[in-house]
Amino acid sequence: MPCHTESPSKPGVRPARDHRIVSLRDPLSVRAPARERRFPLPRVRLDESSRQASPIWLPVALGASIGLGFAIWSFGSGEYGWRALAGIVVLLAAASVAEAFPVPIEGVAVGATSLATIFLVAIAAIYGWAAAAVAGFLAMAFVEVARRRPFSRIAFNCGVYVIGGIAAGAAAATIDDGTLFHLVGAAIAAAVCFYLVNITLLAAVVSRSRQMRFLSSLRNYVRLTLTPFAIMASLTVILVVLWDRSPYVAVVLAGPLLATALYQRWIHGALDRLREFDRLKDEFIAIASHALRTPFTSVCGAAVTLRKHELDDPRRNQLLDIVSTESARLGRLLDDILLVSRLDSGRAQPFITRVEPLELVSDVVDATRTHLPPGLSLEYRYDSASQPVAADPDRLRQVLVNLMENAVKYSGEGRIEVRVQPQYGTTRFSVRDEGRGIPVDEVERIFEKFYRLDPNMTEGVGGTGLGLYICRELIDGMRGQIWVNSELGKGSTFIFELPVFALR
C-alpha cells in the first residue's frame, strides 16, 4: 500500500512523516563512454544510499523483470476479449491517475496514500496475475519516469508493483470459484497479499539503508499503514463485486472515490494551515519575548540604579537616556506587533491621498542622520521631476523608516543611498546599503513573517523579523510592489514602486 510524501528522495519507497525513511534521491548522472564507440550509451551512477540498499532493490528489480517477462508472455497468449481488454485499460488508467495524485489521509503518519492499489488489486482479482503485473508496471513506470525519479527508485517501485500484482493474482485465483462469497474472499486475499509484499519490501529497503533491524522496521510500518490498508481493502472489495456484476455499474464508485479524495485533500490542507498558524504562534512568542526582554531589562536596570544610588549628573543623564531610548524601542516593538495583527485581520486599510515623495523622504532621511553610527554615511538622491504618488503618508513613512533602519543595522560602516525617481507611470524608491548582503537561497524568504537572516543573533543583530513583512503588506495595500536586489558581501538594494497620483 504505497504512501507518498512531498520529498522525492526515496528509492521506490513511500516515505513516512516521521522522516525515518532513507533518502536515495540523487538524480542520475550520465557520462558518455569511450570515444571510439559510435553510439554512446548512458552510464548510470548511483549515490551512496542507493549502493547501500542495492542488496534489496537489485534483487527486487531482477525478480520483477523475470516475473514481468512471464506475465507479458502469459498475457499475450491469453484469450482476452475486447471487453476484458477495455476493462483492464480503464482500471490501468485509474491506477495511473491515482498513483500520480496520492491522497493525504489525516491521522495517518505515513504521508499521502496512493489509491492505485485499489485498481491494481481489482485487476488481479478479476483478470488474473499476468494482467495485474503488467498493469502495475505500467502504472508505476508512467508516473515515476514522468517525475524523473532516480533509477534506483524507478526500479524498486516498479518491482514492488509487479511482484505485488503477481502475488495478488495468485492469491485470488486459489480462492475465487465464481460465487459471490468466494469473490469477496478473493478480493480480500489479493489486497492482503499486495499489501504484505509492499510493506515487507519497504521495511527491508529502509532497514538496510538506515542500519535498522528488519523486524523493528516492519512492525513500525505495519502500525503506520494499517488504517489506510483497511480503507483501501474495503473499497477494493466493493469495486471487485460491482465490476463482476457490471463494469458500467462499477463506474458509480468513481464519484464517491473522487469526493473522498478531494475532501481528504481539503481537510489535510486546512489542518496543515492550522498547524502552520500554530507554529507561527509559537515562533512569535519566542521571538517577541526575546525582543522585548532586552529593552525591558535595560529600562529596569537603569531605573533600579537611579533609585538606589547617588549619581552625578552625567551618569544620571546617561541612565535617563537609556530609559528613554529603550522605552521608545519597546513602543516600536509593540506597535509592530499590533500592526501585524491588524494587517493579518484586514483592519489596517490605508488612507490613499496625494503625497509629495521628495519632501517626505527628506524628512525621514534627516531624522535617520541624527542617530547614524560612526563610519556610516547617508546620501539622498532624487529626480526633481518626480511626481506626487497615491499613498498613505504615514504608511509610506513607516516603510521608509523600516528600510533605512535595516540598512543601518546590517551595514556597520560604509554608505547608504536613498533614491527617488520617476519610473514609467510610477515613482520608484530605493534604499541601497553596502552591508553583508543576502544569500541567494534566502532572498525569497526575507519578506516572510518572523524570518530573520541571523535567527540566533550570532552576529549581534536582533529583531522580530516583522519589519520587512510589514513593508510588503503596506506596499501591497497601497497598490505598489516591493523587491530586493542583493549580492552576498556587497550589500542590498530594497526597491519599491508606488503609482503616481492621478486627478479624476
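The values are calculated or read from the model by the stated rules, or taken from the named source; none is laboratory data. Values in this document were obtained by computation on a predicted structure and should not be read as measured data. Cβ coordinates were reconstructed from backbone atoms using ideal geometry, including for glycine residues, and neighbour counts include every protein chain displayed. Note: areas computed on protein heavy atoms with side chains; ligands, DNA, RNA excluded. Shrake-Rupley method; radii C 1.70, N 1.55, O 1.52, S 1.80 Å.
If only residues of the stretch 490-503 that are of a type in the set (Gly, Ala, Ser) and under 17 Å from residue 406 (Cβ atoms) are counted, the one that is surrounded by the fewest Cβ atoms within 10 Å (Cβ to Cβ) is 491.
Here is a yes/no grid of residues against (1) of a type in the set (A, V, I, L, M); (2) closer than 26 Å to residue 409 by Cα; (3) open to solvent by 80 Å² or more (accessible area, probe 1.4 Å):
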residue: 299; (1), (2), (3): yes, yes, no
residue: 303; (1), (2), (3): yes, no, no
residue: 335; (1), (2), (3): no, yes, yes
residue: 343; (1), (2), (3): yes, yes, no
residue: 360; (1), (2), (3): yes, yes, no
residue: 370; (1), (2), (3): no, yes, yes
residue: 387; (1), (2), (3): no, no, yes
residue: 393; (1), (2), (3): no, yes, no
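The set of residues in the stretch 142-160 being over 12 Å from residue 58 (Cα atoms) and open to solvent by 20 Å² or more (accessible area, probe 1.4 Å) consists of 142, 145, 146, 147, 148, 149. Restrict the check to the stretch 408-417 and report whether at least one residue is in contact with a strand residue (DSSP E or B) (Cβ under 9 Å, 6 or more places away or on another chain), closer than 15 Å to residue 475 by Cβ and either modelled with pLDDT of 90 or more or among the hydrophobic types (A, V, I, L, M, F, W, C) (or both). Taking every residue of the stretch 408-417 in turn, none turns out to be in contact with a strand residue (DSSP E or B) (Cβ under 9 Å, 6 or more places away or on another chain), closer than 15 Å to residue 475 by Cβ and either modelled with pLDDT of 90 or more or among the hydrophobic types (A, V, I, L, M, F, W, C) (or both). Taking every residue in the stretch 482-504 that is among the polar types (S, T, N, Q) and pairing it with any residue that is assigned to a loop (DSSP other than H, G, I, E, B) and open to solvent by less than 20 Å² (accessible area, probe 1.4 Å), at least 6 positions away or on another chain, the pairs with Cβ-Cβ distances below 8 Å are 486/437; 486/438; 492/433; 492/435; 492/437; 492/438; 493/433. Could you tell me which residue of the stretch 432-472 is nearest to residue 329 (Cα to Cα), considering only residues that are open to solvent by 50 Å² or more (accessible area, probe 1.4 Å) and modelled with pLDDT of 90 or more? My answer is 472.
For beta carbons closer than 7 Å, sequence separation of 6+ or different chains, a first residue in the stretch 325-340 that is farther than 20 Å from residue 277 by Cα and a second that is of a type outside the set (Ser, Thr, Tyr) and buried (at least 17 other Cβ atoms within 10 Å of the Cβ), the qualifying pairs are 326/295; 326/299; 327/299; 329/295; 330/295; 333/291. For the stretch 362-387, a tally of residues being part of a loop (DSSP other than H, G, I, E, B) and of a type in the set (A, V, I, L, M, F, W, C) returns 2. Within the span defined as the stretch 346-369, one or more residues are of a type outside the set (Gly, Ala, Ser) and over 24 Å from residue 497 (Cβ atoms).
The set of residues from the stretch 178-204 being open to solvent by 20 Å² or more (accessible area, probe 1.4 Å), free of Cβ contacts under 8 Å to residues at least 40 places away in the same chain and over 19 Å from residue 133 (Cβ atoms) comprises 178, 179, 181, 182, 185. Summed over the stretch 409-431, the residues that are buried (at least 18 other Cβ atoms within 10 Å of the Cβ) and either of a type in the set (Lys, Arg) or not in a strand (DSSP E or B) (or both) give a count of 3. Looking only at residues of the stretch 305-333 that are basic (Lys, Arg), modelled with pLDDT under 80 and out of contact with any Leu (no Cβ under 9 Å at 6 or more places or on another chain), we find that the one that is most open to solvent (accessible area, probe 1.4 Å) is 307. For the stretch 79-101, the criterion of being buried (at least 23 other Cβ atoms within 10 Å of the Cβ) and under 24 Å from residue 220 (Cα atoms) is met by at least one residue. Taken together, the criteria exclude residue 495 from residues that are touching a helix residue (DSSP H, G or I) at 6+ places or on another chain (Cβ under 6 Å), closer than 24 Å to residue 350 by Cβ, at pLDDT 85 or above and not in a helix (DSSP H, G or I).
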